[in-house]
Each structure stands twice: as C-alpha cells, then as structure tokens.
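Visitor: Below is the structure I would like to discuss, written out as structure tokens.
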Amino acid sequence: MPAIRSTVDRLDKPSSYATAKKRRRERHRENDEPNREPSPEPEDKLKDATTLYVGNLSFYTTEEQIHELFSKCGEIKRLVMGLDRFQKTPCGFCFVEYYTHQDALDCMKYIGGTKLDERVIRTDLDEGFAEGRQYGRGKSGGQVRDEYRDEFDPGRGGYGKAYAEEYEQGR
Amino acid sequence: MADLDVKEEPRDDRRAGVDSYRGGGYNNKRRRDDDNDHYSRDRGRGPQRRRHDEGLPRRRYEEPPFPKLRRLLLNIASSTKLPQDEAIEIAKIFGENFDDERLRSDFFDVWVQLIIEQPFKIPFVAAVALYGNEVKPEIAIEAMKRIGVRAQEALNAGEWKEFKLLLRFFACLQPLYQDEGVFTLLGQLFDTVVDLQSANENDVVGIELVKIILLTIPYAIVSGGTRFHEQAQQLLKNTGIVAGNMVPIEGLIHSYVGDEEQKPMGYHSVIGLLQAQLSNEAENGFELACLPRFEADALQRTVEKTEDDSLPTAPETHAFPTFNIPSPVNPGARPVFPEAYFSLFADQETGTVPKTTDVASSLIRDAIVDTINQLDFNREIVAKYLVDLDCYWHLGTFAKRGTAFDKFRDAIGDKLQYKSEDMVIDAIFSQLFKLPSAEHKLVYHHSLITQCCKVAPAAIAPSLGRAIRTVYKSLPMLDLELGYRFLDWFSHHLSNFEFRWRWTEWLDNLELSNLHPQKAFILAALDKEIRLSFAKRIRSTLPEPMHAMIPERLDADNSPDFKYDNKAETPYAAEGQTLLSQLRKKATAEEIQVTIDSIHEKALEAGITEVLVPSTDAFVTAICRLGAKSLSHVLSCIERGKDRLLEISQNETARRQIVASVVNYWKDQPGVAVRIIDILLNYTILAPMTVVQWVFGSHMGAGEALTESWVFEMVSNTVAKVTNRNRQIASARLQKGLPQEQIDMVEATLTKDRDNARELFKYIEDSTRGVEEGSADGLIEKQSSGELTEEEAMLIRAWGKRWHTVFIRKAQVEESVVGEEAVEARIKLLAAEPDVPEAMEEGNGVAAATNGEAQMSEF
C-alpha cells in the first residue's frame, strides 16, 4: 500500500537534488523502456538514514557550536567537519550522524533552515559518511560553491576563490 | 458552472508531462538554496507559479476534477471567500464526479487526512458533507462510512488524538442522524470510562476519554441545535465526577512550585476546566460563540434562485454508524498522562485571551495544539495556519490581526474578542511547557516560534516579548525543568535573531545575588548564547553594564590554562607537564605509569591516602588540555587514554575525580565539560551514579551548585541516558512472540537496570530534600558560620525544593512507564491482543522504542 499523501509537504524529505534526479530518471525510463522493472529508488537508501549533510556553515563555526545546536534533536554519534582539501581547515559544511533515523528526520524538520552562527543552514538526509567525503571538491580545495561566488561572504572566505585569484593577479 | 472549471489564477500549478488525473499537485517543489534565506519568503500561499509560465501566453486550462477538488478542500476557509460557499461549491463538483470510483476513493482519503492533520478545518470539511447530503445523499453516507472506518481503527489502536478529531467530524454532522447520533457513542464511551475507573482508581485512559467526550459535545451542539441540549446536560452530569477527580500523578505536573497564593496561575486540569466551562455554557443555553456556523438552508437558497419550480425537500437523514469499543481498551503506544492547562495571558486585566471560565479558551487551545502537534513535519505551514487563526473560527471571535496590546481594549470596545497572536503564543508555550513531557522534541517549538516571527513579525514579536517578560517574572516559582526549557528556548531563539534582546530592562536585577533565580537565569542565558556563538559577539549585543559578565579571557582563541604550567602553585606540576607531553607523543602505558607512580610517591609523602586522586587529576587534566582544540580532539585523546581511564574507574573516589578534573579544566565553558562528561558516560568510564555523586557529594557546597544551570543540564542528561535505556529494554520486552529464553534475559536486565535507576533517583531525591529542608550539612555549616545570610539560605532551600520536585516527578513518570506494574499491565494487553499482521506490530515496536516521539508510520 502506498503511503498516504499528507495534506502539506514534509520538510523531512530528501532535497530536490535527490528527488529531481529520481524524477528525471523515471521520465527517461518511461520514454525509452516503458516496460522495464523499476530499479531500486535512490530514496530507499535514505529510508534509514541517520546522517545529515549540513551546509552553508561559516568557516569559523566550531564543532562545539554544531554540537550545541544539533544535540537538541538527539544524541550525536559522530560529527565530521568538512575540510579544505589542502589547508585542512573547515570549509563550511559537515556531517552529523545521529543514533536513530527519527532524530535525523526531526533535525530536518526542526533545525534545517534555522540559523547557526547567524547563518541559515541547510540540512539534507545523507546516505552516510565515507572517508574522503570530508574534503571540499572545489578546485582550490574548498566547496565548489565557494569558487565562483561574486558577492562577498565574510563567513566563507570573502569572494569566490576563482575571482579572488583573478583580482590578485590583476593587481 | 463553466467558470468554475477554468483556472486562470496565478495559482496555476500545471506541470508538463503529469498525467491528467492527478494534475499538478500541491506545490511539491522545495527550494534549497544555500545562499538565500528562502524561508523568510512568504511560502505556503498556494502553489507558486512555475518558472516556465513566464513569457508564454496564458492558455485557458481545464483543471482535472480530482486535483481541483483536492485543492479546494485543502484551502477551504483560508481565503476571503465565505467558507459556506466554498463548501457548497466542493459538494457540487464532488456530486458531479461522484460516479468516478477512483476519484471518490482518493478524495475521501483527502478528507480523512485533512481531518487528522488540520483540525481547524474539521467543521468546514463536515460542512461539505452536510451540503453534499443535499446534492447527493451518497456523499454523506460514504463520508460517514470512510471516516467511520478510520475512527474505529484509531479507537482500536488507542490513538486518542486521531480518534478525537475523527469523532469531531461526526459531531459536526449531528443534524444528519436519525437518532441521537454522536451522543449515543459519547454515552458508550462514558460507560467505558466508568468501567476503567472502577477497575483502577488511578486510571488515566478514562481521563483521556472524558476529555474526548467533553471536547466533542460543543461541536455536536452547535451543529445539532437546541434539541440536543438535554443529552449534553445529562452527559455533563455524568462526567462531572471524573473531571473533578484528581489522580496522584497530577500533583507532579504543576507548572509552578511554592505558595498557592503567590503562583501566577493555580493548577487546572484540562478536563476539570472543560467540565466547569461547559456547565457554565449549559446554564447560558450553550452559546459556544467561537465555533463556526453554517446555514442549513444555504444550498437550498442557491438552488431556488436557478430552478424556481423545484420544491425544497427536507434533507435525508441517516443511521449513525456503529462503533465497537474494544475491551480491554487499548491505552495506545504513548504513555498517557493527565494534562494541566497552562496559560501565560489568561485571566489578566486586558483580556487578550479567553478567561479560564470561558469555553473558548479550551476549544481554541485544543485545536491550535493539535495543529501544532499533528503537522510537526512542516513548521512553515503551521506558522501560516496559526497566523491565520481567525479564518477558522466564528466571524468576530478575534480582534483585527496585529492589534497592539495597549490599544486592544479601545479596539474591541464592549465586544468579547481575543487577540489571536496572544492565543498562538500562549498555545505554543503550553506545549513547550507541557509536563511531564512535550509530544515532540522541544526544539520543534523553538523553530515554530521562530517561524511565526518570520511570517508575521510585527504581530507576533510583541506578544512574544510579553510572554518572555511574564515567564521571567515567574522564574522563582516556575518548575525548574520548565525554567530550563525556557532558558534553552530563549538563548536558541535569540541566536536566530541576531541576539537582540532588551537587556536594559533587566539591568536592575544584576544587583541580585547569583543565587536568585532571575540572576541565575541571566548568567545561564549568557553562557548558552556564547555556546551557540562566541564570547566577543555576545558581549557586543549587551548593554555596557553587562560587559564585565563575559570576561575577556573568553575572547582569546586559545585553550584554557593548564594548571600544571604553574610550577609555583600547583603540586605535581612537573609530572602534569610530563603527562601532557607523553600523551602528545603517544607514549606507552609503561612510560606513563612511571609518571603516575612518581605522583603517587609524592602524594604518599604528603600524607594523601588516596593517591589515585592527584594522579587522576593530572592525567585527566592533561587529556583535557591536549584535546582542548575541539570535541573530536578530546574524543581521540580519551580513546588514547581509555584503558587507563577504565582502570581508574574501578576506584569510586578516583572515578569522581575524573568528573572534577573535567569540570575544573572547563570551568569557564561548562558546556564543553557537560559534553565531555557525556562522552565519558558512553565509554562507561563514568557511571551515572558517579556524576550524580560528584554533583551532590563534591560540588554541592551549601547548595549553590543547584543554581547553576549547567549542573541541572548535566544531571538531567545523565538521568535521561538511564531512563531512555530502561524504556528501550521495556519496549524490547513488549514485543509479541518472544521466545521464553529471551524473555528471561530481557526481564533480568530490566530488573537490574530498574533498580539502578531507582537508586540513582533516590540519591538525587535525598540530596535535594536535604537542601530543601535546610538539613544538608554544607548548608547548615555555611549558615552557622555566617557565610550565608538568612535570605541566601532561603533562596538555596527554594532551589532545593524545585530540584526535588523535578526528580520526584521524573522518578514517578519512569515508574508509570517501566515500573513492574506498568510493564505487567502492558504484557497482559499484549497477550489479549489478537495476532496482528507483521507490519503493524513493527510499527508499534518502533513507536515505543523511540520513546515518546510521534508515530510516523501513518503518514
């Protein structure tokens, strides 16, 4: 039996990133091979998720601050800070792992979209931390989004790194 | 009718490639954008326009019937349209499409879901059925059938809130029944209450049932009219005894502690209040002014206009569905407790919220609270519905939105009207302050308040400000656990609003002794704010006279001082430093032992009998220093010293020293100490009893420790660890079909751990009672030496009383959940239960295991 649809949207669903990907794939499949058996849904991987990806942190936000806020949703099993690949300094994201799936869902509902260190943070269900994922994937070592930002964000290293370099060279 | 089928509003949510039956759905899109504060945008006002619409010529679009019906029903009473007209429109469209079986079934699913999730809209959904009965009697018949099935399921499962809400739907259809309708069922429910109460005088499920009965009556009377007053009065006579009765556990859920006359508000049980209010209404002809009304002949009038020749006929009536009240009654997955009525604004001069004698206080509160709790998965929508509160009640119940407090009396004149923002804030605080525990995690209420402030800042913020001042004033009397919840909320709330607070109005209180609850609150709030931010930032948000409260040493980014660096004043300084460098270099256990031995030798020479104390101090302090950079660092340092720490923990005195050393190292940032203690408990390097004994044995002093909020936090966390575990064990026992071997094992564990918990509680109770009664040694000592004034001693004793109250409650609540009697009763019920399909059983197990969290499986 399919789950009954709520009268309003839920805030504890995986982000549009994951669902959009899934929808695209389904549509694709319908067009190409209408009779194929559906493959396991990516959301299934998240159905017991206890880990959250937390984004839009300030580079200066500490583990203690994150603990203080996120433990309001349950005991934290593990906290992995996102680091600049080269500098090994915080680069504005982290993974928070709870003991239960329910705590992770509650965190989506109650903490996602609120402020930490005076920035609105975003949370997303995550299939679980794996070694290596703590590093930024941007060219200069941080997160990709910090490469090409054209407005100044003092909490995340000023201008985008790509622009900052240009600026430096131009001088 | 044609215009009704055409949608050319900006609400258009059509989506290319979606099948024509379902249509576009209701704004499924969720924006996620790291850079923008998208939450501040006005969301939830219906589907947003799709980007691809822009620039394209609008084409007239026929919305398929199901999405249209769904949209109309979900948005009923939310616009400027008359809800009655909306109900008629929905009934007509539904009538036209009633033969579509799939549509019919899907649409009734929406009804059920709307009733359960959005209690404000129940009377309006019922209105659709009322008018639908005239359009096509099958609409009403089928609605009763479908909603009846769901109500019966809720009754069987002991899902009391859902049962209450579904029953309300039936109450709103009272004019449609051939006989006494919902009153027959209410009568049967009361008989069940009598059975429950005569079987067990402390029964609480009966109390819940009486609450349901009392909250159903008003809706039945408003829809059914005067001919049911008699039944209502009869029922009220019956419920009176139960509602006026007090069960023992009620004595523990009072919001305030202390002298009855000084309390901001006396204790009222929710059902006691309801009973009195309804009896009051009965005397005044059941006015029930706040409930929305619908004209019985509204549909007839529209029909007459178009088809003059047809004669109006009386609407068809139907038999009330039969419900089967299970015996024994299933108490439900969540532990049931009696409820106290809490209000910050009730019975005050300005009358912004209904008086506690006014039934509106209970009816509106009940609907707000259910909305909050049922829709916890979307606080943005909840905030919108709460701000729109006035849409869902009888016109004129509320003053104009955002009417300022000081202009309120002038604005309403001699009308009886309420301030919706005050009612919303009051209701949220009633949940934040619900004892023994709130239905959802407390942080939900934090973020809901934040959201309300974002949706309607000008209207909500002043009400919230008055709420804060009211609670602050009541702090000396407020239950300590509630005081802590308030502190945690307050600091978290400010962190979402640039830490803005008018501290200047509390400046006078800085003169107070640190032992005074209000001063203690200010100190604790600053600490909590710093934890979420950093010292310098918080100082910048404070008025100048408060700057000194955040010492400058907290600004520096470096770690707290390592006392062994001070050779002149700290004994064993050399060994302390050696330990630090040994830990840093990952020296072997043998190498470290040499240093430890050296401390032991010196200690013996100095005449110290428990040499493990100074060596443990040095070892643990070195771990703290090495791990000072972050929690991950300290975690890996603990990991490194784990074996030795576990060895130390064999000696209770040394074990307590571990706590002492951690707290001492982090004395300026107790939040970090609390986290480290938590980690050490998980490693079983510390036992819960160690923490508690350190607090009440070593740290207590004359009882000053009881005023420090981090001490309460540490003890509460420790106790919660123990009780959560016991609840998990108990719920493991309550799985159906366990093999005997496993039952024995689980029961043995439960027995042992239950005893440990009791011992822990007893220790806390005894210690705090000593302070309360003024018989604690430390207190007597400092009092007789003149170190404490009489006034200060009285303040400390009041803290003792408030601590004692909290832990007595926690202990009894645990007894009622995991005590022998409670578990036995559950086991009996389990045995009586018919074998249920696998899936359901799993759902129950999960709900019990998550310990008071909402049961998610339904949604």
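Rundown of residues vs (1) in contact (Cβ under 8 Å) with a residue 40 or more places away in the chain; (2) assigned to a helix (DSSP H, G or I); (3) open to solvent by 20 Å² or more (accessible area, probe 1.4 Å); (4) in contact with a His (Cβ under 6 Å, 6 or more places away or on another chain), yes/no style:
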{"position": "B:Val722", "(1), (2), (3), (4)": "no, yes, yes, no"}
{"position": "B:Ala730", "(1), (2), (3), (4)": "yes, yes, no, no"}
{"position": "B:Asp755", "(1), (2), (3), (4)": "no, yes, yes, no"}
{"position": "B:Glu759", "(1), (2), (3), (4)": "yes, yes, yes, no"}
{"position": "B:Tyr763", "(1), (2), (3), (4)": "yes, yes, yes, no"}
{"position": "B:Lys782", "(1), (2), (3), (4)": "yes, yes, yes, no"}
{"position": "B:Arg797", "(1), (2), (3), (4)": "yes, yes, yes, no"}
{"position": "B:Arg809", "(1), (2), (3), (4)": "yes, yes, no, no"}
{"position": "B:Glu814", "(1), (2), (3), (4)": "yes, yes, yes, no"}
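Visitor: Six or more apart or on different chains, Cβ atoms under 7 Å: show the pairs whose first residue is in the stretch B:231-249 and under 25 Å from B:Glu814 (Cα atoms) and whose second is open to solvent by 70 Å² or more (accessible area, probe 1.4 Å).
Guide: B:Val247/B:Asn202; B:Pro248/B:Asn202; B:Ile249/B:Gln812
Visitor: Scanning for something open to solvent by 30 Å² or more (accessible area, probe 1.4 Å), among the basic types (Lys, Arg) and either in contact with a Ser or Thr (Cβ under 6 Å, 6 or more places away or on another chain) or part of a strand (DSSP E or B) (or both), does the stretch B:526-536 turn up at least one residue?
Guide: no
Visitor: Which condition number in (1) farther than 30 Å from B:Val424 by Cβ; (2) open to solvent by 10 Å² or more (accessible area, probe 1.4 Å) is the one that B:Leu130 fails?
Guide: (1)
Visitor: Please identify the pairs in which a residue from the stretch B:655-681 that is within 13 Å of chain A (Cβ to nearest Cβ) has its Cβ atom under 6 Å from the Cβ atom of a residue that is in a helix (DSSP H, G or I) and of a type in the set (Phe, Trp, Tyr), counting only partners at least 6 apart or on another chain.
Guide: Once the first residue is within 13 Å of chain A (Cβ to nearest Cβ) and sits in the stretch B:655-681, its partners that are in a helix (DSSP H, G or I) and of a type in the set (Phe, Trp, Tyr) give B:Pro670/B:Trp710; B:Val674/B:Trp710.
Visitor: Those residues that are within 20 Å of A:Gln87 (Cβ to Cβ) and away from chain B (no Cβ under 12 Å), I need them from the stretch A:128-147; list them, please.
Guide: The answer is A:Glu131, A:Gly132, A:Arg133, A:Tyr135, A:Gly136, A:Arg137, A:Gly138, A:Lys139, A:Ser140, A:Gly141, A:Gly142, A:Glu147.
Visitor: Can you tell me which of B:Val613, B:Val620 is closer than 17 Å to B:Ala654 by Cα, surrounded by fewer than 22 Cβ atoms within 10 Å (Cβ to Cβ) and either without any contact (Cβ under 8 Å) to a residue 24 or more places away in the chain or not small (Gly, Ala, Ser) (or both)?
Guide: B:Val613
Visitor: Is at least one residue of the stretch B:541-564 over 30 Å from B:Leu478 (Cα atoms), in contact with a Gly (Cβ under 9 Å, 6 or more places away or on another chain), away from chain A (no Cβ under 14 Å) and free of Cβ contacts under 8 Å to residues at least 24 places away in the same chain?
Guide: Scanning the stretch B:541-564 turns up no residue that is over 30 Å from B:Leu478 (Cα atoms), in contact with a Gly (Cβ under 9 Å, 6 or more places away or on another chain), away from chain A (no Cβ under 14 Å) and free of Cβ contacts under 8 Å to residues at least 24 places away in the same chain.
Visitor: Do we have any residue at all in the stretch B:555-563 that's in contact with a helix residue (DSSP H, G or I) (Cβ under 9 Å, 6 or more places away or on another chain), among the aromatic types (Phe, Trp, Tyr), open to solvent by less than 30 Å² (accessible area, probe 1.4 Å) and closer than 29 Å to B:Cys452 by Cα?
Guide: Within the stretch B:555-563, none of the residues are in contact with a helix residue (DSSP H, G or I) (Cβ under 9 Å, 6 or more places away or on another chain), among the aromatic types (Phe, Trp, Tyr), open to solvent by less than 30 Å² (accessible area, probe 1.4 Å) and closer than 29 Å to B:Cys452 by Cα.
Visitor: Looking at B:Ser463, is it away from chain A (no Cβ under 13 Å), open to solvent by less than 40 Å² (accessible area, probe 1.4 Å) and over 16 Å from the mean Cα position of the chain (by Cα)?
Guide: yes
Visitor: To continue, here is another question. Consider B:Ser636 against the criteria (1) surrounded by fewer than 19 Cβ atoms within 10 Å (Cβ to Cβ); (2) over 35 Å from the mean Cα position of the chain (by Cα); (3) away from chain A (no Cβ under 14 Å): it satisfies all of them except one. Which criterion is unmet?
Guide: It is condition (3) that B:Ser636 fails.
Visitor: Being free of Cβ contacts under 8 Å to residues at least 12 places away in the same chain, under 12 Å from B:Ala618 (Cα atoms) and out of contact with any Pro (no Cβ under 9 Å at 6 or more places or on another chain) is true for just one of B:Thr595, B:Thr588, B:Thr570, B:Thr578. Which residue is that? It would help to see each step written out before you state the result.
Guide: Values: B:Thr595 fails: free of Cβ contacts under 8 Å to residues at least 12 places away in the same chain; B:Thr588 fails: under 12 Å from B:Ala618 (Cα atoms); B:Thr578 fails: free of Cβ contacts under 8 Å to residues at least 12 places away in the same chain.
Step by step, each of B:Thr595, B:Thr588, B:Thr570, B:Thr578 is checked, and only B:Thr570 is free of Cβ contacts under 8 Å to residues at least 12 places away in the same chain, under 12 Å from B:Ala618 (Cα atoms) and out of contact with any Pro (no Cβ under 9 Å at 6 or more places or on another chain).
Visitor: Something else: Conditions: (1) touching a Cys at 6+ places or on another chain (Cβ under 7 Å); (2) open to solvent by 40 Å² or more (accessible area, probe 1.4 Å). A:His101 meets all but one. Number of the miss?
Guide: (1)
Visitor: Given (1) of a type outside the set (D, E, K, R); (2) surrounded by 18 or more Cβ atoms within 10 Å (Cβ to Cβ); (3) closer than 20 Å to B:His268 by Cβ, where does B:Thr397 come up short, assuming only one miss?
Guide: Result: B:Thr397 fails condition (3) only.
Visitor: Go through (1) open to solvent by 20 Å² or more (accessible area, probe 1.4 Å); (2) small (Gly, Ala, Ser); (3) within 23 Å of the chain's Cα centre (by Cα) and name the single condition B:Ser279 misses.
Guide: Failing condition for B:Ser279: (3).
Visitor: Taking B:Leu196, is it touching a helix residue (DSSP H, G or I) at 6+ places or on another chain (Cβ under 7 Å), open to solvent by less than 20 Å² (accessible area, probe 1.4 Å) and in a helix (DSSP H, G or I)? So that I can check it myself, show each step before the final result.
Guide: Numbers: touching a helix residue (DSSP H, G or I) at 6+ places or on another chain (Cβ under 7 Å): yes; open to solvent by less than 20 Å² (accessible area, probe 1.4 Å): no; in a helix (DSSP H, G or I): yes.
So B:Leu196 fails the test.
Visitor: Mind telling me which of the residues B:Glu591, B:Glu575, B:Glu569, B:Glu610 ends up being in a helix (DSSP H, G or I) and more than 30 Å from A:Glu64 (Cα to Cα)? Talk me through it step by step, then tell me what you get.
Guide: Numbers: B:Glu575 fails: more than 30 Å from A:Glu64 (Cα to Cα); B:Glu569 fails: in a helix (DSSP H, G or I); B:Glu610 fails: in a helix (DSSP H, G or I).
Sole residue among the options that is in a helix (DSSP H, G or I) and more than 30 Å from A:Glu64 (Cα to Cα): B:Glu591.
Visitor: Got a sec? Which of A:Lys77, A:Lys88, A:Lys72 is in a strand (DSSP E or B), open to solvent by 30 Å² or more (accessible area, probe 1.4 Å) and either modelled with pLDDT of 95 or more or within 13 Å of another protein chain (Cβ to nearest Cβ) (or both)?
Guide: Testing whether each residue is in a strand (DSSP E or B), open to solvent by 30 Å² or more (accessible area, probe 1.4 Å) and either modelled with pLDDT of 95 or more or within 13 Å of another protein chain (Cβ to nearest Cβ) (or both) leaves just A:Lys77.
Visitor: Then there's this: Considering only residues that are under 49 Å from the mean Cα position of the chain (by Cα) and open to solvent by 100 Å² or more (accessible area, probe 1.4 Å), which ones fall in the stretch B:566-596?
Guide: Of everything in the stretch B:566-596, those that are under 49 Å from the mean Cα position of the chain (by Cα) and open to solvent by 100 Å² or more (accessible area, probe 1.4 Å) turn out to be B:Arg584, B:Lys585, B:Lys586.
Visitor: Right, next: So in the stretch B:399-457, with the set limited to residues that are assigned to a helix (DSSP H, G or I) and of a type in the set (Gly, Ala, Ser), which one is farthest from A:Arg10 (Cα to Cα)?
Guide: That would be B:Ala411.
Visitor: Has the stretch B:98-108 got any residue that is of a type in the set (A, V, I, L, M, F, W, C), over 14 Å from A:Arg5 (Cβ atoms) and modelled with pLDDT of 95 or more?
Guide: yes
Visitor: Let me ask you something else. Among (1) away from chain A (no Cβ under 14 Å); (2) within 27 Å of A:Leu11 (Cβ to Cβ), where does B:Gln374 come up short?
Guide: Failed condition: (1).
Visitor: Here is a further query. Give me a count of the residues in the stretch A:94-127 that are outside any helix (DSSP H, G or I), over 18 Å from B:His492 (Cα atoms) and more than 9 Å from chain B (Cβ to nearest Cβ).
Guide: Residues meeting the conditions: 9.
Residues are listed down the side, and each one gets a yes or a no for (1) in a helix (DSSP H, G or I); (2) crowded, with 19+ Cβ neighbours inside 10 Å; (3) within 24 Å of the chain's Cα centre (by Cα):
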{"position": "B:Lys473", "(1), (2), (3)": "yes, no, yes"}
{"position": "B:Arg500", "(1), (2), (3)": "no, no, no"}
{"position": "B:Trp506", "(1), (2), (3)": "yes, yes, no"}
{"position": "B:Phe521", "(1), (2), (3)": "yes, yes, yes"}
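Visitor: When you go through B:Leu448, B:Leu416, B:Leu432 one by one, which is the residue that is surrounded by fewer than 19 Cβ atoms within 10 Å (Cβ to Cβ) and either in contact (Cβ under 8 Å) with a residue 40 or more places away in the chain or within 14 Å of another protein chain (Cβ to nearest Cβ) (or both)? It would help to see each step written out before you state the result.
Guide: Working: B:Leu448 fails: surrounded by fewer than 19 Cβ atoms within 10 Å (Cβ to Cβ); B:Leu432 fails: surrounded by fewer than 19 Cβ atoms within 10 Å (Cβ to Cβ).
Just one listed residue meets the conditions, B:Leu416.
The values are calculated or read from the model by the stated rules, or taken from the named source; none is laboratory data. Note that the structure is predicted; figures quoted are calculated from it, not measured. Positions of Cβ are backbone-derived with ideal geometry, glycine not excepted, and every protein chain shown enters the neighbour counts. These area figures cover heavy atoms from the full protein model, side chains too; ligands, DNA and RNA do not enter into them. Shrake-Rupley method; radii C 1.70, N 1.55, O 1.52, S 1.80 Å.
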